[in-house]
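Inspection log for the structure reproduced underneath, given as structure tokens.
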Amino acid sequence: MNSLLSKITKYDFALAAGLAVLSLVLLGLKFIQPPGGEVDVYLNNELIDSISLNFDNENEYLGELGAVKVLVKEGKIRVIESNCPLKSCIRQGAVSRQGETIVCVPNKFLLVVTEGESRSVDGVVG
């Protein structure tokens, strides 16, 4: 063991320290969220509200069949409660990227992410 430590040079320590600092910087960047987006809320094809994804909150809207509750948390929005029969709007989960939507057809309710992280390309057809 002692012979191994004697073979380590100051450059090895500098490399290890540099890698440790780089790891901490990259870990810190992971926790820095890009600015959130904006979601437009439509009922019966009319814009009734705009919600910022920057702040966690809960909103309730009255749809055709009753209340629709939406939750904004950690820069994403989702429907958490609805009186529609299939509950597909709830099962869809959270959205946050520009262009993504959540639709509740029976309630005539629509959420559209109008500003936010750009969608990544899934594939290219040429």
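Determine the gain in length on full extension of the stretch residue 16-residue 115; use 0.36 nm per residue of separation and subtract their C-alpha separation, reporting nm with one decimal.
My answer for the length gained is 31.5 nm.
What ranking do 64-77, 86-99, 13-26 get when scored by the average of other Cβ atoms within 10 Å per residue, highest first?
Output ranking for 64-77, 86-99, 13-26: 64-77, 86-99, 13-26.
Length gain on complete extension for the stretch residue 48 to residue 92, per 0.36 nm per residue less the alpha carbon to alpha carbon distance?
The residue 48-residue 92 span can extend by a further 13.7 nm.
Please order 58, 100, 38 by the number of other Cβ within 10 Å, starting at the fewest.
Starting with the residue having the fewest Cβ neighbours, the order is 58, 38, 100.
Which ordering of 84, 104 is given by a fewest-first count of other beta-carbon atoms within 10 Å?
Least crowded to most crowded, the residues run 84, 104.
Bear in mind that the values in this text are calculations on the coordinates, not laboratory data. What you are looking at is a predicted structure, and each value in this text was computed from that prediction instead of being measured. Note that each Cβ is placed from the backbone with ideal geometry, even for glycine, and that neighbours are counted across all protein chains shown.
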